[in-house]
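The values are calculated or read from the model by the stated rules, or taken from the named source; none is laboratory data. As the structure is a prediction and not an experimental result, all values here were calculated from the model. No Cβ is skipped: glycine too gets one built from the backbone with ideal geometry, and neighbour counts run over all protein chains shown. Note: accessible area is taken over every heavy atom of the protein model, side chains too, but ligands, DNA and RNA are not part of it. Shrake-Rupley method; radii C 1.70, N 1.55, O 1.52, S 1.80 Å.
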2 protein chains.
Amino acid sequence: MDLVDIRALFEEQEKYAGQKVTVGGWIRSIRDSKAIGFIVLNDGTYFKPLQIVYSDALSNFAEISKLNVGAAVIATGTIVATPGAKQPFEMQAETVEIEGQSTADYPLQKKRHTLEFLRTIPHLRARTNTFEAVFKVRSVAAYAIHSFFQERNFVYVHTPLITGSDCEGAGEMFQVTTMDLNNVPKTEDGAVDYSKDFFGKPVNLTVSGQLNVETYAFAFKNVYTFGPTFRAENSNTTRHAAEFWMIEPEMCFADLKDDCDTAEAMLKYVISYVLEHCPEEMAFFNEFIDKGLIDRLNNVVNNEFGRISYTEAIELLEKHNDKFDYKVSWGCDLQTEHERFLTEEIFKKPVFVTDYPKEIKAFYMKLNPDGKTVAAADCLVPGIGEIIGGSQREDDLAILEKRMDELGMKKDEYQFYLDLRKYGSVRHAGFGLGFERCVMYLTGMANIRDVESFPRTVGNCEL
Amino acid sequence: MDLVDIRALFEEQEKYAGQKVTVGGWIRSIRDSKAIGFIVLNDGTYFKPLQIVYSDALSNFAEISKLNVGAAVIATGTIVATPGAKQPFEMQAETVEIEGQSTADYPLQKKRHTLEFLRTIPHLRARTNTFEAVFKVRSVAAYAIHSFFQERNFVYVHTPLITGSDCEGAGEMFQVTTMDLNNVPKTEDGAVDYSKDFFGKPVNLTVSGQLNVETYAFAFKNVYTFGPTFRAENSNTTRHAAEFWMIEPEMCFADLKDDCDTAEAMLKYVISYVLEHCPEEMAFFNEFIDKGLIDRLNNVVNNEFGRISYTEAIELLEKHNDKFDYKVSWGCDLQTEHERFLTEEIFKKPVFVTDYPKEIKAFYMKLNPDGKTVAAADCLVPGIGEIIGGSQREDDLAILEKRMDELGMKKDEYQFYLDLRKYGSVRHAGFGLGFERCVMYLTGMANIRDVESFPRTVGNCEL
């Protein structure tokens, strides 16, 4: 259909001033007095709506005036500047055709709804200002991430979701099967007969694409994944979901410093891109969701991230142990309270904590010369805590095998991973960015359920 | 590390001529005579390799010469033009440091390997010319799709992978569970006790994001998904995988013609983008994989796609029934042999077939005024058959409910979908593009297993 986007009306105001155009969209509010009516129309292409003025010169004036919020109309009229009014221009309608009615039980009446209520109608909530802004920013941020890596010649790899290995034992996994759970096939000795399952063996949903994508880094030098990952963890928090998207770049001929440099450049790029491409949405978040958000993000873009070793971080945190539920000491894992104290109170900006004790990090991280720590780096940001976890990878076959033995891992299941260290091993590094946490950070939204279209959490899998 | 990409050496030849640079990469081949050696080095950033000349002036000349294919080195030297030679320039090395050895059992020796053999080493095959080209094109094509939609202000929506509904009954599904299959919890009456499962009910991996993304189209007008989908079908063909990526745009205020226009523009955009950004890779496919590929793709870009109704297509095909294993007649579904005959023999270019009998299409497709056909459109392309399936959607609540009743569907499970027709219904349309088939079409690769990083098919889930 030959409709003009409301975005175009706002972005090319001079072009459209005085012009007759046709728009289509959904009514956000409608009111009328005797001879004149006002429709606030949103067509989803722009955060701000278009005001449409219609009069009783229209044959269907009464019918229009009876429309409910949520109804869809197609309106034709002239765009007229309205100096001094709240909006810069409005449409004076010549025709308003009703495309689709909205019944009186429409759940999104013109009033404030709680986020909790809106979570019960995930199929409708993107029609509200808050969620229109969230999911627009999410889309633009996703594209920014692709642009960042593609401009730098990183190759996007779609690593598999269904996997026969459990990666790093990073978390509880979902099993995937085609067997009838009412009647699970069993072998003679009573075990599950996986020869009857689709893949002929037990398989799970991936918790990380990292081990797979490392194999592609050894072909392309610089690669990244951007896809869904899964955790079957029974944790009902505002930061955990069972299904979420993750970005995992992997770089060859790169060490931990290169890794942090790339992570910092990526975050700054994404923030800048979103601030530039979603100014209306970001102004909305700044005003209604998280006052100070834009200043904080600009501050991130314009300053170097802090960098501190785990050992130094522990020394700093120990002085404040009276403030923490969990007291810190060298060797302990950092809790969110510690991470947030470091980034919010001490650094007041994002900070990389590097070189953690090997015992609290994954097997594939590169052992430092001290023999005690590994070349890991977590990026902590105010308001969230850890947003990125990365490391240089162990590229020495003998050291990697020794570490796997120490941890009792089955090396034959990781032969493909060990092969990378046999055939042209190179120093390499990578990190993982949880995309939902990134969107929360960009928008100020406090609950992961409010940045996913249809969130999956323990006990919840609606639509 | 401060390395120069081999891509930069080729793309900025004037800048680097006579300059001293350092590169890092993997040896594709190596040979030496008494006092001089030649390394063909690939660093993954560019399809063509760099020739490095090293001499016995280097203290580790003997050590270098013993390196195997696949070893990683870091070389510093001067870039020197080589007029008349196969390659436009070479590096005259001052130092060649060995980053990582490659043992003699490296599976990718310098010889031709079959695609079947390479499928057995998915963690290494991207180091070959063929798969380096495939996965570079795949990455660039994915970005082209994002660019196409983002430039047109479509909102990228991450629809969920784990789902409680079965969409359109489009195919066999994988079940997702955290229950112990050795000991499935049962209720008192012997049924599976899903209250013990992670989500408290049976859930599956999605076969399509369409129904979910339609809800977002009603908020943003134009949206798209680009994510993994799953089919648990026991079909061992060259075109089917259990896990694959799909692009599903959905547009409001759009009819079937708009749908086809967008699909055609998208395919042309992606082809043009890949031809422009991957000229070396495409020349390789054209020479070694599929002679005539580039001409065929240019032909697609420069011509309008054909458009024909199903009824007309059947009339054309019936004249050739002697050529088909399955004879066609009105009402039958088109098989790949018919689709390919239409696009390859009759049209000799891509063609949309529209307005199929409602019985062979999904419940949500818009009923045409004839009461017999629906506003569906499949896009058929030479060499593949169907690459895109789309339709205008039924936006009339009463007609949709009637159709669901006819098919015995449980309407209460689709209340969210029916809500879209209650609250501001608008004409809308969308389509699905199987991304792997798109990559096959772009590269001429004939087997879906050769365009996925780690393909999942019945009985196969390696790494």
What's the number of the only condition in (1) of a type in the set (Val, Ile, Thr); (2) modelled with pLDDT of 95 or more; (3) surrounded by fewer than 18 Cβ atoms within 10 Å (Cβ to Cβ); (4) not in a helix (DSSP H, G or I) that B:THR238 fails to meet? (2)
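With the structure loaded, tell me whether A:SER165 is open to solvent by 20 Å² or more (accessible area, probe 1.4 Å), among the polar types (S, T, N, Q) and at pLDDT below 95 or whether it fails that test.
On the way: open to solvent by 20 Å² or more (accessible area, probe 1.4 Å): yes; among the polar types (S, T, N, Q): yes; at pLDDT below 95: yes.
When the stated conditions are applied, A:SER165 passes them.
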Those residues of region A:1-37 which are part of a strand (DSSP E or B), charged (D, E, K, R) and within 12 Å of chain B (Cβ to nearest Cβ) amount to A:ARG28
Out of region B:211-228, which residues are surrounded by fewer than 24 Cβ atoms within 10 Å (Cβ to Cβ) and among the charged types (D, E, K, R)? B:GLU214
Conditions (1) open to solvent by 20 Å² or more (accessible area, probe 1.4 Å); (2) touching a residue at least 60 places away in the same chain (Cβ under 8 Å); (3) closer than 14 Å to A:ILE145 by Cβ: number failed by A:SER272: (2)
Matching residues in region B:165-213 - criterion: being more than 9 Å from chain A (Cβ to nearest Cβ), in contact with a helix residue (DSSP H, G or I) (Cβ under 6 Å, 6 or more places away or on another chain) and under 30 Å from B:LEU433 (Cα atoms): B:CYS167
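Out of all the residues in region A:314-322, is one or more outside the structural domain of A:LYS48 (by the TED database) and touching a Phe, Trp or Tyr at 6+ places or on another chain (Cβ under 6 Å)?
Residues of region A:314-322 that are outside the structural domain of A:LYS48 (by the TED database), as a first pass: A:314-322.
Next, from what is left, pick out any that are touching a Phe, Trp or Tyr at 6+ places or on another chain (Cβ under 6 Å): A:314.
Looking through region A:314-322, at least one residue is outside the structural domain of A:LYS48 (by the TED database) and touching a Phe, Trp or Tyr at 6+ places or on another chain (Cβ under 6 Å).
Would you call B:TYR310 open to solvent by less than 60 Å² (accessible area, probe 1.4 Å), of a type in the set (Ser, Thr, Tyr) and modelled with pLDDT of 95 or more? Write out each step before concluding.
On the way: open to solvent by less than 60 Å² (accessible area, probe 1.4 Å): yes; of a type in the set (Ser, Thr, Tyr): yes; modelled with pLDDT of 95 or more: yes.
Judged against the criteria, B:TYR310 is a match.
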Flagged in region A:345-375 as buried (at least 17 other Cβ atoms within 10 Å of the Cβ) and either of a type in the set (Asp, Glu) or more than 30 Å from A:ILE399 (Cα to Cα) (or both), in numbering order, are A:PHE347, A:LYS349, A:PRO350, A:ASP355
Pick from B:PHE454, B:PHE435, B:PHE431: which is under 31 Å from the mean Cα position of the chain (by Cα), away from every other protein chain (no Cβ under 14 Å) and aromatic (Phe, Trp, Tyr)? B:PHE431
Within region B:32-68, residues under 24 Å from B:ALA283 (Cα atoms) and among the acidic types (Asp, Glu) come out as B:ASP43
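Would you be able to tell me the number of residues in region B:313-328 that are of a type in the set (A, V, I, L, M) and either open to solvent by 30 Å² or more (accessible area, probe 1.4 Å) or touching a residue at least 40 places away in the same chain (Cβ under 8 Å) (or both)? Working first, answer last.
Start the filter on region B:313-328 by keeping residues that are of a type in the set (A, V, I, L, M), which leaves B:313-314, B:316-317, B:328.
From the residues that got through so far, the ones that are either open to solvent by 30 Å² or more (accessible area, probe 1.4 Å) or touching a residue at least 40 places away in the same chain (Cβ under 8 Å) (or both) too are B:313, B:316.
Selection size over region B:313-328: 2.
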Taking the criterion of being within 30 Å of A:ARG125 (Cβ to Cβ), out of contact with any Asp or Glu (no Cβ under 6 Å at 6 or more places or on another chain) and buried (at least 22 other Cβ atoms within 10 Å of the Cβ), would at least one residue in region B:82-105 satisfy it? no
How many residues does region A:245-264 contain that are surrounded by fewer than 21 Cβ atoms within 10 Å (Cβ to Cβ) and facing chain B (nearest Cβ under 10 Å)? 3
